[in-house]
Amino acid sequence: MHEQTLAIHAGYEKDTQGTMAVPIYQSTAYQFRDSEHAANLFALKELGNIYTRLMNPTTDVFEKRFAALEGGVAAIGTASGMAAIFYTIANIAEAGDNIVVASQVYGGTNTLATHTIKRFGIEARFFDVNDLSTLEPLIDEKTKLILFESLTNPSIDVADIEAIAEIANEHGILSCVDNTVATPVLCKPLSYGIDLVVHSTSKYTTGQGLALGGIIVERDNLVEKIKGNSRYYHFNEPDASYHGLVYVDVPLPIFTLRVRLALLRDLGGAPSPFNSWLHIQGLETLPLRMRQHSASALAIAEFLESHPKVKKVNYPGLKSSPHYDLAQRYFKEGMASGLLSFEVESKEAAQRIADSTEIFSVVVNIGDSKSIITHPASTTHQQLNKEELEAAGVPEGLIRLSVGLEDTQDLIEDLKRALAKI
Ligand SMILES: *Cc1c(COP(=O)(O)O)cnc(C)c1O
């Protein structure tokens, strides 16, 4: 089936009432048929609902639908994108291990890697996604994961996904792409040899800035890479926390299974059924919305590029972008999502533009139907001085836009008016 059909139907079989819309199963727990049924569910002899920290029928539809869109075999929803990223790391790494992470990642991913997992004894080593010769030297026998973003937030670079997958596969290391900004509509990392995909579904998936959420998607046959692989010995040996279960012997997708059985059980960052339901509504229109976000962002990028007061525009859909070729190669029909940035002369000029727009709101979020303008130097990157800002690729005069779904011409006029004020 094609993507737009999967986005509307995958993972849902109508209940006995014939309910067209996926119902919200707003329940903490589920009744067992009898004690034997209960025992079977806990022993994985039968699959079924136990408790909403582990699974929920509304969330289940969301997971199946998302897995279908990514071309994966299974998925597990989490309370936020950061929970999805942390659980991916925690599912495979322990004290003494390391993970290899792209420098160009979301701020929360950077602090998680640099500071928080360090306190659990897990080291993060950073490579430059624009220079893959920096990647391989970081790998050793304790490396458990290579993590990067397909389309990076906020720097808007495009990763050479196949080249990174190849390095990961040569070393038998699991690879994971944060596909939040590209979405499965533009890019399906699993089809390029990647093992796992994570998302913040708080962005383009919900699409209207309505609900936090995250998801982890697993590729088919991941067990082949894990079985007998000493890096992942804990999937190959009996798990004392689950009566000696050996994950590689279970005929189910084992990465997401272990997140469910061990991490959601013990750490508890499960999604609420209502938020899963909101995400299901978002998925129905995701393919349509991504076309419009991408088309508007390209039109705005072209307008900005031709404006005399704009020094530079960063958007991988522009022919002038150093990422144009990778975007054409990895993103469907060359669509490049709704995120772009541009540079004006000074910090003051950038702030004046942000304050002068009427349709764009000053907000730190992306992927909303409502357009957003951010001045990183005075908000997300406020703590950095001028030199540090340059090094981080965030010059003082940089403005980031998350282009929403308003009329493209209205958005261009709004920016034209604001630029006239500097
Ligand atoms: C927002 C974001 C996250 C974090 O997701 P939350 O849902 O806010 O926890 C992770 N990665 C990327 C690329 C993001 O944009």
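The values are calculated or read from the model by the stated rules, or taken from the named source; none is laboratory data. Bear in mind that the values here come from a model prediction, so they are computed numbers and not experimental data. We place every Cβ from the backbone using ideal geometry, glycine too, and count neighbours over all the protein chains shown. Keep in mind that these areas ignore ligands, DNA and RNA; they rest on the heavy atoms of the full protein, side chains included. Shrake-Rupley method; radii C 1.70, N 1.55, O 1.52, S 1.80 Å.
If only one of Arg291, Arg265, Arg258 is closer than 20 Å to Gly172 by Cβ, within 23 Å of the chain's Cα centre (by Cα) and charged (D, E, K, R), which one is it?
None of the other options fit; the residue is Arg258.
Filter segment 198-211 down to the residues that are within 9 Å of the ligand (Cβ to nearest atom) and open to solvent by less than 10 Å² (accessible area, probe 1.4 Å), then identify the one that is farthest from the chain's Cα centre (by Cα).
Looking at the filtered set, the residue picked out is Thr201.
Applying the selection to segment 352-396, what residues are farther than 30 Å from Leu283 by Cα and modelled with pLDDT of 95 or more?
Arg352, Ile353, Ala354, Asp355, Ser356
Given the criterion near the ligand (Cβ under 10 Å from one of its atoms), of a type in the set (Val, Ile, Thr) and in the same structural domain as Thr134 (by TED's automatic domain parsing), identify the matching residue among Ile76, Ile85.
From the options Ile76, Ile85, the qualifying one is Ile85.
Checking Leu288 against (1) touching a helix residue (DSSP H, G or I) at 6+ places or on another chain (Cβ under 7 Å); (2) under 18 Å from Leu186 (Cα atoms); (3) surrounded by fewer than 21 Cβ atoms within 10 Å (Cβ to Cβ), which test does it fail?
Leu288 satisfies all of (1) touching a helix residue (DSSP H, G or I) at 6+ places or on another chain (Cβ under 7 Å); (2) under 18 Å from Leu186 (Cα atoms); (3) surrounded by fewer than 21 Cβ atoms within 10 Å (Cβ to Cβ) except (1).
I'm trying to understand the selection: among the residues of segment 182-209, which are assigned to a loop (DSSP other than H, G, I, E, B), out of contact with any Asp or Glu (no Cβ under 7 Å at 6 or more places or on another chain) and over 16 Å from Thr59 (Cβ atoms)?
Ala182, Cys187, Ile194, Asp195, Lys203, Tyr204, Gly207 - these are the residues of segment 182-209 that are assigned to a loop (DSSP other than H, G, I, E, B), out of contact with any Asp or Glu (no Cβ under 7 Å at 6 or more places or on another chain) and over 16 Å from Thr59 (Cβ atoms).
Residue by residue, here is whether (1) open to solvent by 60 Å² or more (accessible area, probe 1.4 Å); (2) within 12 Å of the ligand (Cβ to nearest atom); (3) under 21 Å from Thr78 (Cβ atoms); (4) not polar (S, T, N, Q) holds:
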| position | (1), (2), (3), (4) |
| --- | --- |
| Ala93 | no, no, yes, yes |
| Gln104 | no, yes, no, no |
| Leu112 | no, yes, yes, yes |
| Lys118 | yes, no, no, yes |
| Ala124 | no, no, yes, yes |
| Phe127 | no, no, no, yes |
| Asn130 | yes, no, no, no |
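Among the residues of segment 223-237, is there at least one that is in contact with a helix residue (DSSP H, G or I) (Cβ under 6 Å, 6 or more places away or on another chain), within 16 Å of the ligand (Cβ to nearest atom) and open to solvent by 70 Å² or more (accessible area, probe 1.4 Å)?
Taking every residue of segment 223-237 in turn, none turns out to be in contact with a helix residue (DSSP H, G or I) (Cβ under 6 Å, 6 or more places away or on another chain), within 16 Å of the ligand (Cβ to nearest atom) and open to solvent by 70 Å² or more (accessible area, probe 1.4 Å).
Those residues that are buried (at least 21 other Cβ atoms within 10 Å of the Cβ) and of a type in the set (Val, Ile, Thr), I need them from segment 363-393; list them, please.
The answer is Ile366, Ile372, Ile373, Thr374.
Kindly list the number of the only condition in (1) open to solvent by less than 10 Å² (accessible area, probe 1.4 Å); (2) over 15 Å from the mean Cα position of the chain (by Cα) that fails for Gly214.
Status for Gly214: all satisfied but (2).
Checking the conditions here, which among Ala336, Ala262 is of a type in the set (A, V, I, L, M, F, W, C), open to solvent by less than 30 Å² (accessible area, probe 1.4 Å) and not assigned by TED's automatic domain parsing to the domain that holds Gly213?
That would be Ala336, the only listed residue that is of a type in the set (A, V, I, L, M, F, W, C), open to solvent by less than 30 Å² (accessible area, probe 1.4 Å) and not assigned by TED's automatic domain parsing to the domain that holds Gly213.
How many of the residues in segment 403-422 are surrounded by fewer than 20 Cβ atoms within 10 Å (Cβ to Cβ), of a type outside the set (Lys, Arg) and farther than 21 Å from Asn365 by Cα?
The qualifying residues number 4.
Residues in segment 295-317 that are of a type in the set (Gly, Ala, Ser), part of a helix (DSSP H, G or I) and surrounded by fewer than 19 Cβ atoms within 10 Å (Cβ to Cβ): how many?
Summing the residues that are of a type in the set (Gly, Ala, Ser), part of a helix (DSSP H, G or I) and surrounded by fewer than 19 Cβ atoms within 10 Å (Cβ to Cβ) in segment 295-317 gives 2.
Matching residues to (1) within 23 Å of Met290 (Cα to Cα); (2) touching a residue at least 24 places away in the same chain (Cβ under 8 Å):
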site	(1), (2)
Leu340	yes, yes
Ala354	no, yes
Ile359	yes, yes
Val362	yes, no
Asn365	yes, yes
Ala377	no, yes
Thr380	no, yes
